[in-house]
């Protein structure tokens, strides 16, 4: 099950969150080496794990948007991603039952790439769109991809935040 939802967030909300991720959010080098599908070294990209009790205001706001449409009682953490040109990622599965992933750039052109690839019975590519929500079974193998060389240098990266259920 992979479903997309558009227009759950206003463009003002997306713009505010985009600017927060660009100028205020703490970013760390991250990899997902806990997945059985990855080697023990993993590839590095910018990412931040935050547990629910430590969510920032904008993450709590996204939770309230989710709560208007889904049962959020099992969500225990979120993982923020910032994919940049040249990033290499691995297929992985997320912990728990479902993943709720928002794309959070205030502007996106399809030629910039950086889609998410899902691999189950076939390959599915979901492209970023400002404010788009993708809901999927956390056991589906997936990975984010890097922006293309056409991606403007004055944008920090392709932003997404994935909320994970227990």
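The values are calculated or read from the model by the stated rules, or taken from the named source; none is laboratory data. Quick caveat: nothing in here was measured; it's all calculated off a predicted structure. Please note: Cβ atoms are built from the backbone with ideal geometry, for glycine as well, and neighbour counts cover all protein chains shown.
Below, the figures for the structure above:
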| quantity | calculated |
| --- | --- |
| Matching strands (runs of 3 or more DSSP E) fully within segment 39-142 where at least 1 residues are closer than 16 Å to residue 165 by Cα | 45-51, 75-83, 98-103, 133-137 |
| In segment 94-109, the residues that are surrounded by fewer than 17 Cβ atoms within 10 Å (Cβ to Cβ) and closer than 18 Å to residue 14 by Cα | 107, 109 |
| Candidates 91, 76 - the one that is surrounded by fewer than 22 Cβ atoms within 10 Å (Cβ to Cβ), free of Cβ contacts under 8 Å to residues at least 60 places away in the same chain, within 16 Å of the chain's Cα centre (by Cα) and more than 25 Å from residue 10 (Cβ to Cβ) | 91 |
| Counted residues, segment 109-138 - those being at positive phi and within 12 Å of the chain's Cα centre (by Cα) | 2 |
| Hey, residue 35 over 18 Å from residue 84 (Cβ atoms) and either surrounded by 16 or more Cβ atoms within 10 Å (Cβ to Cβ) or at pLDDT below 90 (or both) or not | yes |
| Residues of segment 152-166 that turn out to be in contact with a strand residue (DSSP E or B) (Cβ under 8 Å, 6 or more places away or on another chain), surrounded by fewer than 21 Cβ atoms within 10 Å (Cβ to Cβ) and in a loop (DSSP other than H, G, I, E, B), as a count | 2 |
| Members of segment 110-142 that are buried (at least 19 other Cβ atoms within 10 Å of the Cβ), under 23 Å from residue 62 (Cα atoms) and free of Cβ contacts under 8 Å to residues at least 60 places away in the same chain | 114, 116, 128, 142 |
| Selection status of residue 83, within 12 Å of the chain's Cα centre (by Cα) and within 25 Å of residue 24 (Cα to Cα) | yes |
